Amino acid sequence: MALLAGALFVLISLYLPINRIGIVSAPQGISLPRVLSRIFPGVPRVGLQIGHFEVHNHPKELAALRKNTGGSVEGLHEVALNRAVARELKTILEARGIEVDLLPATIPPRYRADLVLSIHADASDDLERRGYKSAHFIPARNRAEPELKRAVDGTYLAMSGLPDDHENVTRSMFNYYAFNHRRYHHSVRRTTPGLIVELGYISNYEDRSFLEDPSRPAEALAAGIITYLEQRGRLIGN
Ligand SMILES: [Zn+2]
(Lines give C-alpha, C1' and ligand atoms only; values in the text may rest on other atoms or scores of the structure.)
Protein backbone atom coordinates (compact mmCIF):
# COMPACT_ATOMS: atom_id res chain seq x y z
CA MET A 1 0.00 0.00 0.00
CA ALA A 2 2.80 2.38 1.03
CA LEU A 3 4.64 1.43 -2.15
CA LEU A 4 1.57 2.19 -4.25
CA ALA A 5 1.06 5.55 -2.52
CA GLY A 6 4.75 6.35 -3.04
CA ALA A 7 4.58 5.47 -6.73
CA LEU A 8 1.48 7.64 -7.17
CA PHE A 9 3.17 10.54 -5.38
CA VAL A 10 6.22 10.32 -7.66
CA LEU A 11 4.01 10.20 -10.76
CA ILE A 12 1.96 13.20 -9.64
CA SER A 13 4.96 15.28 -8.63
CA LEU A 14 6.61 14.50 -11.95
CA TYR A 15 3.51 15.39 -13.88
CA LEU A 16 2.24 18.54 -12.12
CA PRO A 17 5.21 20.86 -12.77
CA ILE A 18 5.10 19.95 -16.46
CA ASN A 19 1.38 20.68 -16.58
CA ARG A 20 1.86 23.98 -14.75
CA ILE A 21 4.06 25.42 -17.46
CA GLY A 22 1.73 24.11 -20.13
CA ILE A 23 4.23 22.21 -22.22
CA VAL A 24 2.54 18.81 -22.25
CA SER A 25 0.22 18.39 -25.18
CA ALA A 26 -2.98 16.43 -24.79
CA PRO A 27 -2.46 13.15 -26.62
CA GLN A 28 -5.42 11.46 -28.22
CA GLY A 29 -6.91 8.36 -26.60
CA ILE A 30 -6.13 7.10 -23.14
CA SER A 31 -2.69 7.73 -21.68
CA LEU A 32 -1.33 8.29 -18.20
CA PRO A 33 -0.85 12.09 -18.51
CA ARG A 34 -4.35 12.40 -19.98
CA VAL A 35 -5.94 10.39 -17.16
CA LEU A 36 -3.93 12.25 -14.50
CA SER A 37 -4.80 15.62 -16.03
CA ARG A 38 -8.49 14.77 -15.62
CA ILE A 39 -8.00 13.85 -11.96
CA PHE A 40 -5.52 16.65 -11.17
CA PRO A 41 -6.17 19.34 -13.78
CA GLY A 42 -3.77 21.83 -12.20
CA VAL A 43 -4.00 25.59 -11.93
CA PRO A 44 -6.22 27.28 -14.53
CA ARG A 45 -4.25 29.04 -17.26
CA VAL A 46 -5.44 31.86 -19.47
CA GLY A 47 -3.72 33.26 -22.57
CA LEU A 48 -4.30 36.96 -23.27
CA GLN A 49 -3.32 38.02 -26.77
CA ILE A 50 -2.48 41.71 -27.11
CA GLY A 51 -4.00 42.50 -30.50
CA HIS A 52 -1.39 43.71 -33.06
CA PHE A 53 1.46 43.62 -30.54
CA GLU A 54 4.82 43.11 -32.31
CA VAL A 55 3.21 42.25 -35.67
CA HIS A 56 6.57 42.90 -37.35
CA ASN A 57 7.78 39.65 -35.74
CA HIS A 58 5.20 37.49 -37.53
CA PRO A 59 6.77 34.37 -39.09
CA LYS A 60 6.66 33.70 -42.81
CA GLU A 61 3.26 31.98 -42.74
CA LEU A 62 1.77 35.24 -41.34
CA ALA A 63 3.94 37.68 -43.32
CA ALA A 64 0.84 39.24 -44.94
CA LEU A 65 -0.22 40.50 -41.49
CA ARG A 66 3.06 42.24 -40.60
CA LYS A 67 1.58 45.63 -41.56
CA ASN A 68 -1.66 45.02 -39.64
CA THR A 69 -0.74 47.46 -36.88
CA GLY A 70 -4.25 48.32 -35.62
CA GLY A 71 -6.30 51.50 -35.40
CA SER A 72 -5.15 54.90 -34.20
CA VAL A 73 -7.25 57.98 -33.41
CA GLU A 74 -6.02 61.32 -32.09
CA GLY A 75 -2.87 59.95 -30.52
CA LEU A 76 -4.52 56.87 -29.02
CA HIS A 77 -3.18 53.68 -30.60
CA GLU A 78 -5.27 50.55 -30.38
CA VAL A 79 -2.27 48.38 -29.58
CA ALA A 80 -1.36 50.56 -26.56
CA LEU A 81 -4.92 50.25 -25.25
CA ASN A 82 -4.97 46.48 -25.89
CA ARG A 83 -1.73 46.13 -23.95
CA ALA A 84 -2.88 48.27 -21.01
CA VAL A 85 -6.14 46.30 -20.69
CA ALA A 86 -4.31 42.94 -20.97
CA ARG A 87 -1.91 43.94 -18.19
CA GLU A 88 -4.73 45.04 -15.87
CA LEU A 89 -6.64 41.86 -16.66
CA LYS A 90 -3.58 39.74 -15.89
CA THR A 91 -3.27 41.36 -12.44
CA ILE A 92 -6.94 40.74 -11.64
CA LEU A 93 -6.87 37.10 -12.77
CA GLU A 94 -3.59 36.34 -10.98
CA ALA A 95 -5.16 37.62 -7.75
CA ARG A 96 -7.73 34.81 -8.21
CA GLY A 97 -4.97 32.21 -8.53
CA ILE A 98 -5.14 31.95 -12.32
CA GLU A 99 -1.92 31.70 -14.33
CA VAL A 100 -1.79 34.19 -17.19
CA ASP A 101 0.36 34.36 -20.32
CA LEU A 102 0.50 37.67 -22.16
CA LEU A 103 0.84 36.76 -25.83
CA PRO A 104 1.93 38.93 -28.77
CA ALA A 105 0.24 38.92 -32.19
CA THR A 106 2.18 35.74 -33.02
CA ILE A 107 0.80 32.86 -30.98
CA PRO A 108 3.31 30.19 -29.91
CA PRO A 109 2.75 27.08 -32.07
CA ARG A 110 -0.30 25.07 -30.95
CA TYR A 111 -0.65 27.10 -27.76
CA ARG A 112 -2.74 25.46 -25.07
CA ALA A 113 -4.59 26.91 -22.05
CA ASP A 114 -8.04 26.86 -20.45
CA LEU A 115 -8.94 29.68 -22.83
CA VAL A 116 -7.44 32.40 -25.01
CA LEU A 117 -8.86 35.90 -25.23
CA SER A 118 -7.66 38.12 -28.06
CA ILE A 119 -7.98 41.77 -27.08
CA HIS A 120 -8.74 44.46 -29.68
CA ALA A 121 -10.46 47.84 -29.99
CA ASP A 122 -12.20 49.31 -33.02
CA ALA A 123 -11.88 52.55 -34.96
CA SER A 124 -14.27 53.87 -37.59
CA ASP A 125 -14.67 56.94 -39.82
CA ASP A 126 -18.27 56.99 -38.60
CA LEU A 127 -17.77 58.72 -35.26
CA GLU A 128 -21.29 57.76 -34.16
CA ARG A 129 -20.58 54.06 -34.39
CA ARG A 130 -20.04 52.47 -31.00
CA GLY A 131 -20.28 49.27 -29.00
CA TYR A 132 -18.67 45.98 -28.04
CA LYS A 133 -18.59 42.76 -30.03
CA SER A 134 -16.92 39.37 -29.93
CA ALA A 135 -16.58 36.26 -32.06
CA HIS A 136 -15.27 32.75 -31.87
CA PHE A 137 -14.14 30.88 -34.96
CA ILE A 138 -16.92 29.77 -37.31
CA PRO A 139 -17.56 26.87 -37.21
CA ALA A 140 -16.75 26.68 -33.49
CA ARG A 141 -13.61 24.62 -32.95
CA ASN A 142 -14.89 23.04 -29.73
CA ARG A 143 -18.06 22.99 -27.62
CA ALA A 144 -16.66 25.40 -25.01
CA GLU A 145 -16.34 28.39 -27.38
CA PRO A 146 -20.05 29.40 -27.41
CA GLU A 147 -20.08 29.05 -23.61
CA LEU A 148 -17.03 31.31 -23.27
CA LYS A 149 -18.64 33.87 -25.58
CA ARG A 150 -21.90 33.92 -23.58
CA ALA A 151 -20.02 34.43 -20.30
CA VAL A 152 -17.75 37.24 -21.52
CA ASP A 153 -20.46 39.03 -23.54
CA GLY A 154 -22.81 38.88 -20.55
CA THR A 155 -20.49 40.55 -18.05
CA TYR A 156 -18.90 42.99 -20.50
CA LEU A 157 -22.19 44.37 -21.82
CA ALA A 158 -23.67 44.60 -18.31
CA MET A 159 -20.65 46.20 -16.63
CA SER A 160 -19.57 48.55 -19.44
CA GLY A 161 -23.03 49.76 -20.44
CA LEU A 162 -21.80 49.71 -24.06
CA PRO A 163 -24.28 48.62 -26.76
CA ASP A 164 -23.87 45.28 -28.54
CA ASP A 165 -22.28 45.93 -31.96
CA HIS A 166 -22.66 42.30 -33.12
CA GLU A 167 -24.05 43.36 -36.53
CA ASN A 168 -20.58 44.70 -37.40
CA VAL A 169 -18.66 41.49 -36.67
CA THR A 170 -16.33 41.01 -39.64
CA ARG A 171 -15.22 37.97 -41.59
CA SER A 172 -11.69 38.42 -40.25
CA MET A 173 -13.10 37.96 -36.73
CA PHE A 174 -14.95 34.72 -37.63
CA ASN A 175 -11.77 33.53 -39.39
CA TYR A 176 -9.31 35.01 -36.93
CA TYR A 177 -5.83 33.85 -37.89
CA ALA A 178 -4.76 33.03 -34.32
CA PHE A 179 -7.61 30.50 -34.05
CA ASN A 180 -7.13 29.11 -37.57
CA HIS A 181 -5.32 25.93 -36.49
CA ARG A 182 -5.89 24.20 -39.85
CA ARG A 183 -4.05 26.90 -41.76
CA TYR A 184 -1.40 28.20 -39.38
CA HIS A 185 1.14 26.47 -37.21
CA HIS A 186 1.32 29.58 -34.99
CA SER A 187 -2.21 29.30 -33.62
CA VAL A 188 -4.23 28.24 -30.61
CA ARG A 189 -4.77 24.49 -30.29
CA ARG A 190 -8.19 23.32 -31.49
CA THR A 191 -9.26 22.08 -28.05
CA THR A 192 -8.52 25.44 -26.36
CA PRO A 193 -11.52 27.79 -26.62
CA GLY A 194 -10.68 31.14 -28.20
CA LEU A 195 -12.58 34.40 -28.33
CA ILE A 196 -11.70 37.69 -30.02
CA VAL A 197 -13.18 40.79 -28.40
CA GLU A 198 -13.49 44.35 -29.73
CA LEU A 199 -13.75 46.39 -26.54
CA GLY A 200 -15.37 49.45 -28.14
CA TYR A 201 -14.51 52.23 -30.60
CA ILE A 202 -11.61 54.54 -29.83
CA SER A 203 -13.15 56.82 -32.50
CA ASN A 204 -16.36 57.30 -30.51
CA TYR A 205 -16.43 59.80 -27.66
CA GLU A 206 -18.55 57.75 -25.22
CA ASP A 207 -16.74 54.45 -25.84
CA ARG A 208 -13.40 56.18 -25.58
CA SER A 209 -14.22 57.76 -22.22
CA PHE A 210 -15.00 54.25 -20.90
CA LEU A 211 -11.86 52.72 -22.45
CA GLU A 212 -9.43 55.40 -21.31
CA ASP A 213 -9.32 53.83 -17.83
CA PRO A 214 -8.11 50.33 -18.79
CA SER A 215 -9.11 48.89 -15.42
CA ARG A 216 -12.80 49.24 -16.36
CA PRO A 217 -12.78 47.04 -19.48
CA ALA A 218 -10.33 44.71 -17.67
CA GLU A 219 -12.74 44.20 -14.76
CA ALA A 220 -15.65 43.52 -17.13
CA LEU A 221 -13.60 40.92 -19.04
CA ALA A 222 -12.26 39.35 -15.82
CA ALA A 223 -15.80 38.82 -14.50
CA GLY A 224 -16.69 36.91 -17.68
CA ILE A 225 -13.53 34.77 -17.60
CA ILE A 226 -14.07 33.94 -13.92
CA THR A 227 -17.74 33.06 -14.56
CA TYR A 228 -16.69 30.75 -17.40
CA LEU A 229 -13.96 29.02 -15.35
CA GLU A 230 -16.42 28.52 -12.47
CA GLN A 231 -19.01 27.05 -14.85
CA ARG A 232 -16.39 24.62 -16.14
CA GLY A 233 -15.46 23.61 -12.58
CA ARG A 234 -11.94 25.05 -13.00
CA LEU A 235 -12.32 27.70 -10.32
CA ILE A 236 -14.19 27.69 -7.01
CA GLY A 237 -16.50 30.68 -6.47
CA ASN A 238 -15.91 33.17 -3.67
ZN1 LIG B 1 -7.45 45.19 -33.76
Practice item. Taking the residues in the stretch 59-85 that are touching a residue at least 60 places away in the same chain (Cβ under 8 Å) and part of a loop (DSSP other than H, G, I, E, B) as candidates, determine which candidate is nearest to the ligand (Cβ to nearest atom). Key: G71
Practice item. May I ask you to say which residue of E88, E145 is more than 16 Å from the ligand (Cβ to nearest atom) and farther than 26 Å from T69 by Cα? Key: E145
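Working carefully through the options V100, V85, V79, V116, find the one that is at pLDDT 95 or above and within 16 Å of F210 (Cα to Cα).
Numbers: V100 fails: within 16 Å of F210 (Cα to Cα); V79 fails: within 16 Å of F210 (Cα to Cα); V116 fails: within 16 Å of F210 (Cα to Cα).
None of the others qualify; the one that does is V85.
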Study note, to complete from the structure: Over the stretch 117-130, the set of residues within 15 Å of the ligand (Cβ to nearest atom) and of a type outside the set (D, E, K, R) is L117, S118, I119, H120, A121, A123, S124
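This table checks each residue for (1) assigned to a helix (DSSP H, G or I); (2) among the small types (G, A, S); (3) modelled with pLDDT of 95 or more.
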{"residue": "L148", "(1), (2), (3)": "yes, no, yes"}
{"residue": "T155", "(1), (2), (3)": "yes, no, yes"}
{"residue": "A158", "(1), (2), (3)": "yes, yes, yes"}
{"residue": "E167", "(1), (2), (3)": "yes, no, yes"}
{"residue": "H186", "(1), (2), (3)": "no, no, yes"}
Study note, to complete from the structure: Those residues of the stretch 184-237 which are touching a helix residue (DSSP H, G or I) at 6+ places or on another chain (Cβ under 9 Å), of a type in the set (K, R) and closer than 17 Å to P163 by Cα amount to R216
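Quick one: count up the residues across the stretch 72-83 that are closer than 18 Å to A178 by Cβ and either surrounded by fewer than 17 Cβ atoms within 10 Å (Cβ to Cβ) or touching a Phe, Trp or Tyr at 6+ places or on another chain (Cβ under 9 Å) (or both).
Kept after step one, since they are closer than 18 Å to A178 by Cβ, are these residues of the stretch 72-83: 78-79, 82-83.
If we keep only those that are either surrounded by fewer than 17 Cβ atoms within 10 Å (Cβ to Cβ) or touching a Phe, Trp or Tyr at 6+ places or on another chain (Cβ under 9 Å) (or both) as well, we get 79, 82-83.
The total comes to 3.
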Exercise for review: Kindly list, by first and then second residue, each pair from a residue in the stretch 165-179 that is within 16 Å of R130 (Cβ to Cβ) to a residue that is among the aliphatic types (A, V, I, L, M), limited to pairs with Cβ atoms under 7 Å and residues at least 6 apart or on different chains.
Suggested key: V169/A135
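The values are calculated or read from the model by the stated rules, or taken from the named source; none is laboratory data. This is a predicted model, so every value here is computed, not measured. FYI the Cβ positions are ideal-geometry reconstructions off the backbone, even for glycines, and counts take in every protein chain you see.
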